[in-house]
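To start, the structure under review is shown below, and the notes come after it.
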Amino acid sequence: MSTDTDISRRVAAIWRIEGARIVATLARVVGDLATAEDLAQDAVAEALVQWPRDGVPHNPGAWLTAVAKRRAIDGWRREQNLSQKYRLIGADLTEISDAEWQPIDDDVLRLVFAACHPVLAREAQVALTLKVVSGLDTDAIARLFLVPVPTMQQRIVRAKKALSAAHVPFAVPDPAEWPARLGAVLSVIYLIFTEGYAASAGDAVLRTELAHEAVRLGRVVNRLLPREPEALGLTALMEVQASRFATRVDAHGDAVLLADQDRRRWDRSAIARGAALLDRADALGQGRGPYQLQAAIALCHARAASVEATDWDRIVLLYETLGRIAPSPVVELNRAVAVSMASGPLEALALVDALASTGALRGSHLIPSVRGELLSRLGLTREARAELSAAAELTRNEREAALLRRKYEALPL
């Protein structure tokens, strides 16, 4: 017999997989994001009460959706405003609306496009949509944005209030509006993939369900907008990075560094798909944007026979270009790592120290982990141990912390 704890874990797992689709369906029915979220959470609460007693239903996602819809009807009944509302919900409950033509035929992507409303600033669009679509908690979203958790909480709350104040209907935009929202949509997909590729917290290196969902969404966007080079570039990047999933962890679930991965096990078909998508983007003749440049960097790694055989000079050049058109501290840090491979750790350490002096990435494990690696290569083991120890304390991912501690312990005193 399942315990309450077992059921809670099942509910959490189901929500991670099904949550975005449930909210998307409800938002389509009720026309309001905040209401859809509330209804979905009410259904989850009811599951935590009923499932320990009655058992987990055969189709838990459908059960949660049906309960949430019933709650919507109950709410409308209390408001004595049934006529119009019943027509809306009735059409959905009989699946009439599912048969109707929709310009975006994917529930989750419709939700992304609808949530990325231009009444919100870009960062607010992306933060709110991530909260609704990805199943990530606010802590994880804050880590992706490299901002404090309270800042992210306020940003999401303000975004919801702004949509309500502007009386924005939660509806799929017309195709003519897609290009204006595309940048935010791509940012959402990219950040979902980023969390899946390298989980920022927890006891797993990867969250493959998130990464694969991001790749799927990228492919849908490419079908909708086949001549958008950055959409093609993003999907190319994700395909190439996903090609390494089988080698990024060992049999125990621990992280495996790039230098130690068995490149024979990389998914060559995924790499080929990524290369073909980048070629399609380049053929449009609009120049490479940030996602295309990152895809090109990923392909440099994917095509190299080893770390030593990698074209590090080209990667440095690509990062320099990326830093000019889309500057960020993470890009600068990655450039420093590439410089360390192309020109040596001393030059790279100067770049990392200059970045640290700006206060960028304060509180993140990224700078001390890179500094520790560079210092160890320079033979400064005491300083390297201190940096790696600090990085292990800062990271929220248990597997990454264990890897940093192993590096720290391998260095001589």
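Some points to look at:
- Condition check for L277: touching a Ser or Thr at 6+ places or on another chain (Cβ under 6 Å) and at pLDDT 95 or above: yes
- Enumeration of residues in region 211-227 that are over 19 Å from A184 (Cβ atoms) and buried (at least 21 other Cβ atoms within 10 Å of the Cβ): A211
- The set of residues from region 122-156 being part of a helix (DSSP H, G or I), of a type outside the set (A, V, I, L, M) and touching a helix residue (DSSP H, G or I) at 6+ places or on another chain (Cβ under 8 Å) comprises R122, E123, Q125, T129, K131, T138, D139, F145, T151, Q153, R155.
- Some residue of region 228-243 being in contact with a helix residue (DSSP H, G or I) (Cβ under 8 Å, 6 or more places away or on another chain), assigned to a loop (DSSP other than H, G, I, E, B) and surrounded by fewer than 14 Cβ atoms within 10 Å (Cβ to Cβ): no
- Of all the residues in region 2-50, those that are among the polar types (S, T, N, Q), in a helix (DSSP H, G or I) and over 26 Å from the mean Cα position of the chain (by Cα) number 2.
- Hits in region 321-349 - residues which are surrounded by fewer than 16 Cβ atoms within 10 Å (Cβ to Cβ), closer than 12 Å to R377 by Cβ and of a type in the set (A, V, I, L, M): L346
- Criterion applied to D174, D203 was being surrounded by fewer than 20 Cβ atoms within 10 Å (Cβ to Cβ), among the acidic types (D, E), within 29 Å of G285 (Cα to Cα) and touching a residue at least 12 places away in the same chain (Cβ under 8 Å), and the one residue passing it is D174.
- Being within 21 Å of L111 (Cα to Cα), part of a helix (DSSP H, G or I) and either at pLDDT 60 or above or touching a Gly at 6+ places or on another chain (Cβ under 7 Å) (or both) is a description that does not apply to R53.
The values are calculated or read from the model by the stated rules, or taken from the named source; none is laboratory data. Not measured: the values here are computed from a predicted model. Glycine also receives a Cβ, built like all others from the backbone with ideal geometry; neighbour counts cover every protein chain displayed.
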